[in-house]
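So the structure is just underneath, and the comments pick up after that.
The values are calculated or read from the model by the stated rules, or taken from the named source; none is laboratory data. Predicted model, so just to flag it, every value in this text is computed and none were measured. Quick reminder, even Gly has a Cβ in these numbers, built from the backbone with ideal geometry, and neighbours come from all protein chains shown. Surface accessibility is based on the protein's heavy atoms, side chains included, excluding ligands, DNA and RNA. Shrake-Rupley method; radii C 1.70, N 1.55, O 1.52, S 1.80 Å.
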Amino acid sequence: MWGMPDASRDHQNKGPMARISRPCLSPWRKSSWVCTLIMLLPSLAYSFSLPTGLRRAPTGTCSTSSDLHASSAKEQLDGNIFQAESYSKPIVFLGSGSELGRLAESLVKETGSGEVVVPKDGDSVVKRVDTESIRYPDVIVLDFNDGNFEEEYSSVAKTLYDIGILSIYVNVEPSDMNAETRERKAKLEEDVFIKYSDYELCIRDEGRKDADDEDWSHIEWELSRLVARATLLPAIPGEKEPTVNTAHLTMGANTFFLSLSFPDITQVKPFVSDMCRDVDAMEFRCDLLDKTSRFDLIYGQQLLRKYCRPHVVRVPGLPFGGQVLDDVMPIVYTVRTQNQAGTHPDDDEGIDRMFAMLEWGLRSGVEVLDVESAWDKTKTDTLLTMAKERYSSQILGSHHVVGKQVSLEDAVELFEQCALNGRAHGAKVVLSIEDEEKDSMAYEAAIIASSLAASDGKPVIPNISLILGDIGQFSRVLNIPFTPVTHESLPVKAAPGQMTANEIMATRLLTKILGRKKYAILGHNISYSVSPQMQGTAFAAVRLPHNYFRADVETVEEFIESDFFNAYDFGGCSVTIPHKQAIIPYVDLLSDAAKAIGSVNTLVVKEEVGDNEFERRIYGDNTDWRGIFNPLERRLGQVKKQDVALILGAGGTARAAAYAAEKLGLDRIHYNRTPAKAKELAETFGGSVVNTLDEIGDDSLGALVADGSMVRVVISTLPAAADFELPEWLVEKKPIVFDVNYKPYFTKLLIQAEASHCPVVRGSEMLWEQGVGQFEIWTERTAPYKVMKTVVLENCLPREDGEETKKEQPDDSFVSEAAATAWQ
């Protein structure tokens, strides 16, 4: 979170542009107006990053308006034709070698369904695709190893590509490939493999019979990652709606990417265990590598991810096939030209090759693609159009001014240039200065550019603002989103003036750019709660200095009147029973979800510039529904019109379940012991009500779904003590069974579901998913998914003696027993 400086409250009567004197770390001497900009950062940042769904309301009210960000990200999707939301066709593997079949079998097994199709007749396979008898996650294997099928497979590959099939070129290039095979491969690449595929997976010797199992396992993992990226929701420039592909989180507050400068990517391996703890992404500098063929660049990224996988800490989760890949280190793919402080040739031939290399980055499924904004507009347009239509990579428009100082006005125009006509998801401008007093010019230009974009109705994107060289080191402290860094363990910096993430975070604390915040879980009788361990560990994992406590009170008023709530460093809180509704009158603004569900589980505090003074605003949101939505979206796949969610119970969590089911496109059927309460839910969220879950009979579930509807999901919000079970006829239909209780780990309902081989979702998964949502709201950055998941499971998994675990925090952690009551 972009913390409010402590000193700001002493100067509220002087207006928002009052000159504030603050301590600054030597050797930087900051003028007071620079410190004022630092002071304004939280309010300015909020003005440009209000999450979708939060609506500004008049002071003292709890209402929403419909004029801002009226539609969700899902309603705005117009890119990536392979996104899982709408893609139902099979996947095609192109290439030559037995590795294709092995990978196809692996992918089908990983997704839990589907078949591998090896066509002998091109026309028949195309017809099966047309009639949807082959569909996702089926895999069509076109193995050109047998030359007899080359002509027919070439025609099939073209036809399938032309009708919008996701095609992956499995590029097998063993280290001992002979010249004749290499020549045939090159010809096939030119005529078929590259022309009729969008993505590429590279294999060296991992497919050999004598290869290490771990090496082949990573290739299978890399395929899963590639398909997950290929079918991801597209990033939308300026969109704040939190998804796994939201640039305002990927390039969010206090995030860092590590600039690698090794000529051989294998040289990174000894350093990754230390580096991965401190950064959110790795920059893959193509221009600094010795080998830059397409194979080498794609394979090099795969090696980098392989080295990082055991050591990642801060990375988000990536959904795939009903599960989440939580060990994917994001990569920033960069081809830096000589004109832009890099080494890649910038003559006509060099620029042509640069654009080709950027296409290779898209083919590799890279998370962030750095696109220099200074070059041929037609080539840039072609690249960006391709990126939007067929890929999910985030675009980072960039420009470096080398060797000369430009004006503030010019710097603002460079940010506008790097927005790439509204198609970039982030903009990075790096300036050169001659005068140390100008070392905040890039930051100032970024703020102005964001303000102009907002006033012009253009996407407001993360603006990364830096100054080259040692003279510009403080610019790296001022720049809050996605700062490039070096690391203490590295022998060489990628650029002069680069600092480590630890140096930057320490300086932000000392200069009060980053403030320490206090958070809590608000509820009553909440000693059981895992949230303090989960959120406290997450703060520590990303090096944020915040604390998280328990606020156990009988009434909300006790909390509202406490020093903890009214302190300047109160950042927000989780809200649980019995206060989710009672807190609403004290909220200035509600999200759409909180208003619809009728309860708040998340508070966040913002300081905004009001009438010549700072005003504290309390925002209320609900992430409970995301805790239900996210696991089900991963498991459901395509949702059809007749698909139904059966919701058991009628309390607050049932309302969140109904809201989530509506967002998933599922019809709702409500069942509760008290039918009147179920009817209230149906009236609010739509759907039907049944009085029994019997297969036959009046007002029964069986009678209601006899028209062809299918119960795809059962969401139980009933207490675990109810020992509820489903009727056998329903269990035999193999619905996904979701029990919101996270303790006990094995409820009677889940035991029944697992015994009948139904897919299950436990309340523990809901817990960390909604917690991830809260963390991202508070911090405005991606959450360390694996860290939060691990903490929850450590506290929820049964021990060998059958008891639920309860892992205590160490004394030096963010949530010690002494701290747990300190809020009072």
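Data for the structure
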read-out	value
Set of aspartates and glutamates with alpha-carbon distance to Lys580 below 14 Å, sequence-local pairs under 8 removed	Asp552, Glu554, Glu557, Asp621, Asp624
Additional length obtainable on full extension of the chain from Phe295 to Leu510, 0.36 nm per residue less Cα span	72.8 nm
Anchor Lys209: aspartates and glutamates whose Cα lies under 18 Å away (excluding residues fewer than 8 positions away in-chain)	Glu99, Glu105, Glu173, Asp176, Glu220
Carbon and sulfur %, accessible surface of the chain computed with the full protein complex present, 1.4 Å	48
Packing-based order for 751-760, 732-741, 772-781, using average beta carbon neighbours within 10 Å, highest first	772-781, 732-741, 751-760
Accessible area of Arg635 in the full protein assembly, 1.4 Å probe (Å², nearest 10)	70
Amide H contacts under 5 Å for Phe549, placed H, 5+ residues apart	Tyr519, Ala520, Ile521
Full-extension gain in nm, Ser527 to Asp723, via 0.36 nm per residue minus C-alpha separation	68.2 nm
Solvent exposure of region 643-745 as accessible area per residue, Å², 1.4 Å probe	44
Mean accessible surface per residue for region 423-547, computed with a 1.4 Å probe while every protein chain stays in place, in Å²	30
Efficiency of FRET between His757 and Val118 - r from beta-carbon atoms, R0 30 angstrom, step 0.05	0.55
Entries in Lys240/Lys458; Lys512/Lys606; Lys269/Lys493; Lys428/Lys517; Lys640/Lys663; Lys158/Lys195 that, when Cα-Cα distance is taken, lie over 19 Å	Lys428/Lys517
Mean Cβ count within 10 Å, highest first, over the residues of peptides 172-180, 324-332	324-332, 172-180
Spatially near lysine pairs across region 727-790, Cα under 21 Å, sequence gap of 8 or more or different chains	4
Computed FRET value (nearest 0.05) for Glu190 with Lys640, which takes r as the C-beta separation and R₀ as 45 Å	0.60
Label point 7 Å beyond Cα of Lys109 along Cβ direction - residues of region 222-239 with amide nitrogen under 15 Å	222-224
Two-site label geometry, Glu180 and Glu561: point separation in nm, points 7 Å out along Cα→Cβ	9.1
Residue-normalised accessible area of region 189-254, expressed per residue, 1.4 Å probe, Å²	32
Contour excess over end-to-end distance, with Cα ends at Asp213 and Ser455 and 0.36 nm allotted per residue	81.5 nm
Length-normalised contact order for the chain - Cα pairs under 8 Å, 6+ apart - percent	13
Computed [θ] at 222 nm, deg cm²/dmol, the chain (DSSP H ≥ 4; -39,500 (n - 2.57); rounded to nearest 500)	-10500 deg cm²/dmol
